[in-house]
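Only one structure is covered here, and it is reproduced in the block below.
Coordinate-derived values only; no laboratory data. Predicted model only: the values in this text are computed from it and were never measured. Here the Cβ is made from the backbone with ideal geometry for all residues, glycine too, and neighbour counts use every protein chain on show.
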């Protein structure tokens, strides 16, 4: 058997019965050199980052009802509960403030055009007294409902994880001009925000 190399082709020539058969085979280029080299230190680090946003779990009343038996007198509801849990803020000195805003300047009366209460007829106390009437881990603020600005209800203590009250009192002022019975309604929006630095 005879092998001839030419331009990467190997030809195998075999003589069988006086007949020459030529087979051409493709061959790859032989490796010039193979060796093992040492690698430098290839350890790398990866930083894992948990991006934690300021947050809190809040519970607000679905509704606050006033049972008005006499339009000449104010009516109070002293069973308003608010709760803020799992408070996470950027610093230990920041605080969480709770405020409220009326979504309309007045209640919607049961009959169109009937006299009803203004948003500013609603007020709340600071949660004075002991036990459930007092804010836990917060300082209450007395205020009046407004459509122009959020008014503070309470500010949670700095670096606390929760604040709450179970018997905050909201009061609906007297309104002698009201002449229609039924449900007078007003929607409010609660705001929870971090303040300070």
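Quick notes
- For the stretch 56-195, the Kirkwood hydrodynamic radius comes to 15.8 Å, computed from all pairs of different C-alpha atoms.
- Extension gain (nm, one decimal) between residue 73 and residue 42, 0.36 nm per residue minus Cα-Cα: 3.1 nm
- FRET efficiency for residue 106 and residue 159, using Cβ-Cβ distance with R0 set to 30 Å, rounded to 0.05: 0.15
- Full-extension gain in nm, residue 139 to residue 33, via 0.36 nm per residue minus C-alpha separation: 30.1 nm
- When only alpha carbons are used to place a centre, the stretch 30-53 and the stretch 141-197 end up 59 Å from one another.
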